[in-house]
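As structure tokens, the structure follows; a few thoughts come after it.
The values are calculated or read from the model by the stated rules, or taken from the named source; none is laboratory data. What you see is a predicted model, and the numbers here were worked out from it, not measured in a lab. Cβ placement follows ideal geometry from the backbone for every residue including glycine, while neighbour counts extend to all protein chains displayed.
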Amino acid sequence: MSHKLYKNLIGGEWVAAKTGKTFLNINPADKNDIVGEFQSSGADDVDAAVKAAEAAFKTWRIFPAPKRAEILYRTGQLLEQRKEQYAQEMTREMGKVIAETRGDVQEAIDTAYYMAGEGRRLFGQTTPSELQNKFAMSVRMPVGVCGMIAPWNFPMAIPSWKLFPALVCGNTCVIKPAEDTPLSTFNLVQTLIDAGLPKGVVNIVTGYGPDAGAPIVSHPGVRAVSFTGSSEVGRIVGQTAAANFKPCSLEMGGKNAMIVLDDANLDLALDGAVWGSFGTAGQRCTATSRIILHKKIAAEFTEKLVTRAKALKVGNGLDESIEMGPQINEQQIETSTKYSKIAQEEGAKILCGGTRLAEGPHANGTFFAPTVVAGVKPKMRIAQEEVFGPVVSLIECDSFDDALDIANSIQYGLSTALYSRDVNHAFRAMRDLEAGITYINAPTIGAEVHLPFGGVKQTGNGHREGGTGALDFYTTWKSVYVDYSDKLQRAQID
Ligand code: NAD
């Protein structure tokens with residue numbers, strides 16, 4: 001089957017990488033389905049993209065913010081029209097089921113409308129001066145060229161979280177999508193162009209992390225870096241950015257806990273556990289990967305969860321009846337297989353799954369069976385380390401306090417959930433769970449774009465995507481003083 005060749009977008013032109021190399025984007029549900037061929041870029045390509053973004057910044061930064069916002073608004077409208085096509089293409093390139101890829105495009109639509117509204121806000125402050133006949137205010141200024149590095153699991157939503165707030169604030173961008181999912185970023189940026197985005201304001205450079213991502217982080221023309229991905233790569237990105245004194249937003253891994261107490265609505269918790277653990281085949285940074293069960297309900301809950309996990313229909317996500325798609329690639333299959341083995345070596349028990357699905361409809365894809373691991377102790381590696389697959393660990397607890405301790409006993413701090421009907425427990429969970437996100441009676445996944453998104457500990461470095469936190473990252477504050485006294489006035493002295 002013939003496939004399309006995609007080029008980098010630099011200064012509004014589609015250009016081949018100077019390396020002369022390309023790579024294939026392959027459907028993880030069917031390795032014979034080539035979604036497209038993309039440029040395998042290097043430092044020279046990044047340099048050209050940064051220069052184009054620097055040139056475009058001169059005019060984009062002074063283009064009125066409400067007009068910038070109108071482009072985002074039109075982008076939202078066009079994305080609504082193209083939603084089904086882009087969702088189908090996203091399922092082909094990354095595997096998650098069609099209902100979820102529609103949700104991924106919807107998240108970009110929501111972000112477009114939300115950030116379009118900011119074009120007429122971007123509020124600063126006015127405040128009295130300590131001196132007479134002097135005016136004082138603070139205004140938000142764009143940062144400049146922003147470098148963006150994205151993961152593959154939300155291939156349109158996450159780039160939209162980065163691009164849209166950056167653009168409304170007046171920045172220009174160089175984005176490198178994940179090598180497994182470049183097409184959805186192309187679709188997003190094509191929509192921005194069709195909505196009227198001027199040339200050079202967004203530039204796309206595709207390729208592998210060390211070749212095309214690292215030069216973005218170290219390029220002197222890039223004034224801020226936004227990275228979403230693993231903690232391992234985030235550490236490298238953060239250190240490089242720090243060495244150059246660049247603001248750097250890091251959104252990284254998770255080992256998200258759901259606590260189910262003995263006073264919970266168990267059927268509701270069960271629905272949440274299945275969706276949180278096996279949605280996106282467990283490949284969400286917020287996926288439920290530990291379920292902490294009160295000992296009184298543990299046996300009943302475990303039995304029901306295993307029954308539900310075994311019944312999940314796994315396959316090609318373009319089929320509407322499929323409930324779980326493939327893992328993104330062979331490497332993720334290896335990771336899920338490796339951790340299933342580690343769990344058993346540590347003394348935990350695999351109640352279902354634990355293996356690749358490779359027969360019949362699964363023969364050409366990277367499918368892994370929904371996996372439930374029981375008898376997990378809080379300090380085991382399976383309870384501590386991110387698997388990023390459909391593998392969930394069950395840990396028993398004696399009490400609510402015990403559950404909180406277990407939930408917090410990890411290096412990550414992204415999302416958490418509590419199932420309980422006790423309002424006191426709910427408020428303590430909101431206060432005491434060490435995480436950027438806490439859900440009460442809902443699973444660990446399901447963030448909305450107008451709230452801050454991110455985590456504590458090794459999940460993040462203090463910045464937030466979504467909500468107004470994004471505006472804080474993509475602007476710098478300038479304090480402005482206007483003296484209309486016609487004489488020298490000295491602050492702190494006169
Ligand atoms: P990854 O870290 O392997 O790759 C992320 C991106 O970084 C890719 O575009 C990759 O090409 C690039 N990269 C790799 N090496 C690089 C380097 N040396 N310099 C610069 N860039 C480099 O992560 P992934 O496998 O794409 O995504 C999965 C991870 O992302 C999981 O750990 C998941 O928890 C995390 N994630 C976090 C969030 C969040 O918001 N907290 C959201 C989604 C995914």
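Could you list all residues from segment 265-287 that are hydrophobic (A, V, I, L, M, F, W, C) and buried (at least 24 other Cβ atoms within 10 Å of the Cβ)? ALA269, ALA273, PHE278, ALA281, CYS285, ALA287, listed by residue number. For segment 308-320, indicate whether the set of residues that are acidic (Asp, Glu), surrounded by fewer than 16 Cβ atoms within 10 Å (Cβ to Cβ) and more than 30 Å from VAL35 (Cα to Cα) is non-empty. No - not one qualifying residue is present in segment 308-320. Listed conditions (1) of a type in the set (Gly, Ala, Ser); (2) more than 20 Å from the chain's Cα centre (by Cα); (3) crowded, with 23+ Cβ neighbours inside 10 Å; (4) under 20 Å from LEU78 (Cα atoms) are all met by GLY200, apart from (4). Taking first residues from segment 227-241 that are β-branched (Val, Ile, Thr) and partners that are more than 6 Å from the ligand (Cβ to nearest atom) and outside any helix (DSSP H, G or I), the Cβ contacts under 6 Å between residues at least 6 apart in sequence or on separate chains come to VAL237/PHE227. Checked against the criteria, LYS21 counts as over 30 Å from LEU357 (Cβ atoms) and surrounded by fewer than 17 Cβ atoms within 10 Å (Cβ to Cβ). Filtering segment 389-399 for residues that are crowded, with 19+ Cβ neighbours inside 10 Å, within 16 Å of the ligand (Cβ to nearest atom) and β-branched (Val, Ile, Thr) leaves a non-empty set.
For segment 220-244, the set of residues classified as near the ligand (Cβ under 9 Å from one of its atoms), of a type outside the set (A, V, I, L, M, F, W, C) and surrounded by fewer than 22 Cβ atoms within 10 Å (Cβ to Cβ) consists of SER230, SER231, GLU232, THR240, listed by residue number. All conditions but one from (1) under 17 Å from SER277 (Cβ atoms); (2) under 27 Å from the mean Cα position of the chain (by Cα); (3) surrounded by fewer than 23 Cβ atoms within 10 Å (Cβ to Cβ) apply to LYS349; the one that does not is (2).
Yes or no, residue by residue, for (1) buried (at least 23 other Cβ atoms within 10 Å of the Cβ); (2) at pLDDT 95 or above; (3) within 22 Å of LEU9 (Cα to Cα); (4) among the β-branched types (Val, Ile, Thr):
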| position | (1), (2), (3), (4) |
| --- | --- |
| ASP45 | yes, yes, yes, no |
| ALA48 | no, yes, yes, no |
| MET90 | yes, yes, yes, no |
| GLY95 | yes, yes, no, no |
| ALA99 | no, yes, no, no |
| ASP104 | yes, yes, no, no |
| VAL145 | yes, yes, yes, yes |
